[in-house]
Amino acid sequence: GLELSPCVGANSLGPAVPWRSGGPCKIKRVRTVFKPEQLERLEQEFLKQQYMVGTERVDLAATLHLTETQVKVWFQNRRIKWRKQSMEQKAAKLSQFGVTQPATADSTDIKDHEEDTVDVEL
């Protein structure tokens, strides 16, 4: 959900700081805190398939008492984590054989999965 972040006022440490000059205060999203049971189920589903779409996502969201967007963003963030772990494991295996990898990720990998870099919830 969204909650309006109060502007810093006179009773605070500084002057009022609007998001844009003359505009409203910045809207700050409250971070979703998942229950352990929800995380366990989400992880189980991720092991089956890394992409959850359509009615499957709607059904899972309803079962877990989450919004479809929360499930979608969780899967996006989990794919990013999974890719990072995979790259770290690959680097560790290569380093056992004395092979070093460049510090940057393969540019084709980044382009192929650009839609997964979203980390916000609307």
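A few comments on the model shown:
- 1.4 Å probe accessible area per residue over region 39-93, in Å²: 64 Å²
- Globularity ratio of region 39-93, using Cα Rg and 2.2 N^0.38 Å: 1.25
- Only lysines eight or more places from Lys28 in sequence, or on another chain, were considered; those with a Cα closer than 27 Å are Lys72, Lys81.
- Ranked packing of 76-84, 30-38, most packed first, by mean Cβ within 10 Å: 76-84, 30-38
- Each residue of region 85-95 was assigned a 3J(HN,Hα) from its phi angle through the Karplus expression (A = 6.51, B = -1.76, C = 1.60, θ = phi - 60°), giving 4, 4, 5, 5, 5, 4, 5, 5, 5, 5, 5 Hz with x at Gly and Pro.
- Per-atom-type breakdown for region 39-93 gives carbon and sulfur 55% of the accessible area (1.4 Å probe, protein chains only).
- Derived scalar couplings ³J(HN,Hα) [region 49-59; Karplus, 6.51 cos²θ - 1.76 cosθ + 1.60; whole Hz; x for Gly, Pro]: 7, 7, 10, 10, 9, x, 5, 4, 5, 4, 5
- Only protein heavy atoms count here; on that basis, with a 1.4 Å probe, Leu94 has an accessible area of about 50 Å².
The values are calculated or read from the model by the stated rules, or taken from the named source; none is laboratory data. None of these values were measured; they are calculated from a predicted model. Because the Cβ atoms are built from the backbone with ideal geometry, glycine has one as well, and the counts that use them run over all protein chains shown. Only protein heavy atoms, including side chains, enter the accessible area calculation; ligands, DNA and RNA are left aside. Shrake-Rupley method; radii C 1.70, N 1.55, O 1.52, S 1.80 Å.
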